[in-house]
Amino acid sequence: MLSLNHIVLRLEEFSLHDITFDVDQGDYCMLLGESGAGKSLILEMIAGLVTPSSGVISLRGEEITHKRIQDRNIGLVFQDYAVFPHLSVRANIAYPLKGRFNTDEKQQRIQRIAEKLGILHVLHRSPVTLSGGELQRVALARTLVLEPSVLLLDEPLSSLDPKLKASLRTLLKHLHQEGQTILHVTHDLQEALFLADKVVVIEQGTISRSGPPEEIFRHTGSEFLDHFTNNLNPPYQI
Amino acid sequence: MKTNLLNIIFTLLGALILLFIVAPLLGMVLATSPETLFDTAREKEVQGSIWLTVWVSMVATILFGIAAIPFSYLLARKEFPLKKLVTGIIDLPVVIPHSAAGIAILGFVSRNSVVGQIGSSLGLDFVGHPSGIGIAMAFVSLPFLINAARDGFAGVPVRLEKAAMTLGASPFRVFTTISLPLAWRNIVSGAILMFARGMSEFGAVIIIAYHPMVTPVLIYERFGSFGLTYARPVAVLFIFVSLAAFILLRSLASPKSKFNR
């Protein structure tokens, strides 16, 4: 469904080379790597915010490498949520709907997604009054309201406390079970084990391995994976 | 103990600076009786001059702001060759003597210049006309708006603009619905400064247009022809008007809600 072929990105002090992997329809794919490995850049290239130096990105068989960001139908939720602070929660969720639906349908869509993500009670509020967990749900609602082909998540759980983390993990799992294709960037191996049905490991600017999580973590052998598997909490140990 | 002594010294220095600003103004206000002020306020020439100064500066701020605000966004967001030079050019009007700025503008808009000839063909003579006064005011005060707006745009997180684009917004919609509202406080502050600075301009304006007389020129003319006693009430009145405009605009610009950046 989503396919990256031999993607190269050269920046002044960093480069990504030969990034190749596929995400199938309905997959929960986890892009795993240390901080600064270039994971977020991969998401930004898929979303269209950064143009690769070479290589091809395809979605449903259509090349989108140079397609306008606005026409890709790919949803991206940023690590820091990027909820617009000057707009109410309702206006944030309505933002991508402008010019696409009539007023009634817009309101129905907002109600539906807010109900699904448990944020109906904060629709009228300003984002600056919300907790981190609520902000994350607003960011998700704003992205999902357009029913994107692929949902890209940039470290969505990294700045949440353990309780909120658990609740959001469950929500993401639920979204996946409903058929949403998800590509989730993380440096947290436990997240990968709990959520993913496919893991792509990125090390030193390239893909070092990919496959089902059990397979990836059973045969480690890389400094990065060894470090993480040795520090796993008991419930996640393989 | 040392910190306390330092605080005392700094406070004393601050008090001296404040006194330096307030004392001459207060002295001028106290030296003008309410009756004189009232009589001056009723003079047609004074009323016309103050009104001219306020509206020309306002119009200049709005018209030049329409071009300056998108330009400020460009300066905040884009890297381009010779950007430092461009930034330096923007600050030029602040550092050159304003009478020299007036001479430069006169050469630019006089009847012999290309701009002057275009104006003449449209029946507009910039010299001795409010439009010329507006150009002179804008020339010396534009840096205040551009710099404030640029700082405002620079403070808007790029991630919010990126998020808006991934949500399907065009670059124009991102600018008008995200960047502009989030930089609005800085832009309004810059516009108020530009407006106030334009109103108080004397050096550049007097070279472009002695008549019609803006208030700073009227004050100078009364001082030269009749002396301090006649110039002072106009100056006091103009200060009150400027302060009133400043306070009004500031209160209109005060944020209704606070938000995190």
Straight-line reach check, B:Lys162, cutoff 15 Å on alpha carbons, 8 or more apart in-chain or any other chain, hits among aspartates and glutamates -> A:Glu44, A:Asp71, A:Asp80, A:Asp154
Select from B:Gly155, B:Gly123, B:Gly190 the residue whose mean-square fluctuation is largest in a Gaussian network model of chain B (Cα-Cα springs shorter than 10 Å).
B:Gly123
Rg/Rh (Cα only; Kirkwood hydrodynamic radius) as it applies to region A:10-124:
1.02
If I model a spin label at A:Arg60 and A:Gln204 as a point 7 Å from the Cα along the Cα→Cβ vector, what separation in nanometres do I get?
4.0
With an 8 Å cut-off on Cα pairs and a minimum separation of 6 or more residues, tell me the relative contact order of chain A in percent.
27
Pick from B:Arg250, B:Arg42, B:Arg222 the residue whose mean-square fluctuation is largest in a GNM of chain B, springs joining Cα atoms under 10 Å.
B:Arg42
For chain B, what is the mean residue ellipticity at 222 nm derived from helices alone (per DSSP H run of n ≥ 4: -39500 (n - 2.57); sum divided by total residues; nearest 500 deg cm²/dmol)?
-26500 deg cm²/dmol
Would you mind telling me which residue in B:Phe223, B:Phe139, B:Phe202 has the biggest mean-square fluctuation in a Gaussian network model of chain B, where springs connect alpha carbons within a distance under 10 angstrom?
B:Phe223
Helix A:132-144: inclination vs chain A longest Cα principal axis, degrees, rounded to 10, gives 80
Looks like region A:2-73, by Cα gyration tensor root eigenvalues a ≥ b ≥ c and the a/c under 1.5 rounded cutoff (else prolate when a/b is bigger than b/c, oblate otherwise), is oblate
Using mean Cβ contacts within 10 Å as the protection proxy, how do B:210-219, B:28-37 order, highest first?
B:210-219, B:28-37
Take the Cα atoms of chain A, find their three principal axes, and give me the spread along each one in whole Å, biggest first.
54, 43, 33
Want the number for B:Arg77 to B:Phe226: 0.36 nm per residue separation, take away the alpha-carbon distance, what's left?
48.4 nm
Which value in nm describes the separation of the simple spin-label points at A:Thr20 and A:Lys173, placed 7 Å from the Cα toward the beta carbon?
3.5
Averaging sequence separations of C-alpha pairs under 8 Å and six or more residues apart, then dividing by the length of region B:115-261, give the relative contact order as a whole percent.
30
Suppose the chain between B:Ser121 and B:Val158 were pulled fully straight at 0.36 nm per residue; how much longer would it get relative to their current alpha carbon spacing?
8.8 nm
Test of understanding: express the Cα radius of gyration of region B:125-246 as a ratio to 2.2 N^0.38 Å, with N the residue count.
1.46
Can you compute the modelled spin-label distance between A:His124 and A:Gln108, with each label point 7 Å from Cα toward Cβ, in nm?
2.4
Result row for chain B, helices from DSSP H with C-alpha axial extent 24 Å or more and mean Kyte hydropathy at least 0.0, is B:2-30, B:44-77, B:130-154, B:180-199, B:228-253
Can you give the translational diffusion coefficient of region B:38-253 in µm²/s, computed by Stokes-Einstein from the Kirkwood radius over Cα pairs at 4 °C and 1.567 mPa s?
69
Cα convex hull of region A:83-148 - mean projected area over all directions, nm²
4.0
Determine, from the Cβ-Cβ distance of B:Phe20 and B:Asn112 and an R0 of 56 Å, the FRET efficiency 1/(1 + (r/R0)^6), rounded to the nearest 0.05.
0.80
Specify the angular offset, from 0 to 90 degrees and rounded to the nearest 10, of the alpha carbon long axis of helix A:103-116 from the longest principal axis of the alpha carbons in chain A.
50
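Under the definition of Cα pairs under 8 Å and six or more residues apart, what whole-number percent is the relative contact order of region A:1-56?
For region A:1-56, the relative contact order is 43 percent.
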Over chain A, how many pairs of lysines fall under 24 Å by alpha carbon, counting only those 8 or more apart in sequence or from different chains?
15
For the protein assembly as shown, the fraction of alpha-carbon pairs in successive 10 Å shells from zero, as %
4, 15, 20, 18, 14, 13, 10, 5, 2, 0
Subtracting the Cα-Cα distance from 0.36 nm times the residue separation, let me have the gained length for B:Asn7 to B:Leu248 in nm, one decimal.
83.3 nm
Shielding by partners, peptide A:164-176 (average Cβ within 10 angstrom, other chains)
0
I'd like the FRET efficiency for A:Ser131 and B:Glu45, computed as 1/(1 + (r/R0)^6) with the beta carbon distance as r and R0 of 51 Å, rounded to 0.05.
0.25
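No lab work stands behind these numbers, since they all come straight from the coordinates. Given the structure is predicted, the values throughout are model-derived calculations rather than measurements. Reconstructed Cβ throughout: ideal geometry from the backbone, glycine too, with neighbour counts over all protein chains shown.
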